[in-house]
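Asker: Got a structure for you, questions after.
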Amino acid sequence: MAGLVVSGTQVSYIGQDCREIPEQLGRDYGHFAKRLDLSFNLLRSLEGLSAFRSLEELILDNNLLGDDLVLPRLPHLHTLTLNKNQITDLEYLLDHLAKVTPALEYLSLLGNVACPNELVSLEKDEEDYKRYRCFVLHKLPNLKFLDAQKVTRQEREEALVRGAFMKVVKPKASSGDDAASPEDHLQYTPLPSASRELTSHRGVLAKGRYFYYGRNSEGNRFIRDDQL
C-alpha cells in the first residue's frame, strides 16, 4: 500500500485522504499492531478498527470524526488522541470510551468543539477549560494525562466532589454555519511537520516519550509513567 509505514508493532497510514480504514490494513497488520497512526486523513468512520484488537496507542488527529464516532472494544488501549476532529458531544464520547477503553490513561481532544479552549473559540477562557477537565475526570477517573497535561491530585479530588455538575453542554448547530472544507480542517496539527513525510517519523515517537508539535505545543505531549 502506498503511504504505509510499518516499524515493528507500529503502523502508520498518514495523509492519504482515506475516508475509511482500508480493509487490507486490518487484514495484514491488525493481528500484531500495537500503535496505529491514521492522522491527516478524511475519516468519518472507524469501521474496520475491530481488526486491531491488540492496540495500545491510537492516533486519529486531523480527521473528520464526529459525534457518531464508534470504537470497538480495545481492552489494551492506554493512549488515544483525537485532536482536531469534529466532536461536539463530550458526554457521549466519554460514556463510550468508559465502556470500550477500560485501560485508557492518556486522552487528548484539543481542537474539538467539545474541548472548550481558545483553540476552538476565543470566547472560551481558562475557567471553561477547568470545568471541562473536571467533568472528563469525573467520567474517566483513571486518566493520568488529559490533553497532554498531567492530571493532578487536586483535580482528582475536585472531580469526585463536583465533576458531575460540570457537564459541558453541546453547542447548538447554527444553520448559517458553512461546512468545514478538508483544506480548512488540515490547518491545525499537533504533530511535527516531519511526520507528514510518510518515510520520516522522527519526532513523533521518542524513547519513553511522545512529542506533538505545532500551535500550543507546550501543552500537547504525553509522558510515560516512568518519566514522572
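Asker: For the range 1-63, what is the accessible area per residue in Å², given a 1.4 Å probe and the full set of protein chains?
Answerer: 42 Å²
Asker: By the gyration tensor of its Cα atoms, with a ≥ b ≥ c the square roots of the eigenvalues, what is the shape of the range 1-133: rounded for a/c under 1.5, prolate for a/b over b/c, or oblate? Don't skip to the end; give the middle numbers.
Answerer: Working: a/c = 2.16, a/b = 1.64, b/c = 1.32.
Taking the square roots of the gyration eigenvalues as a ≥ b ≥ c, the range 1-133 is prolate.
Asker: Starting from the Cα of residue 100, step 7 Å along the direction of its Cβ; do the same at residue 45; then give the gap between the two resulting points in nm.
Answerer: Placing both labels 7 Å beyond Cα along the Cβ direction yields 1.3 nm.
Asker: Which pairs break 22 Å Cα to Cα here: 99/124; 84/130; 124/144; 84/124?
Answerer: 99/124; 124/144
The values are calculated or read from the model by the stated rules, or taken from the named source; none is laboratory data. The structure presented is a predicted model; accordingly, all values stated were derived computationally and were not measured. Note: ideal-geometry Cβ built from the backbone for every residue, glycine included; neighbour counts use all protein chains shown. The protein model used for the area step is the full one, side chains on, heavy atoms only, and it has no ligands, DNA or RNA in it. Shrake-Rupley method; radii C 1.70, N 1.55, O 1.52, S 1.80 Å.
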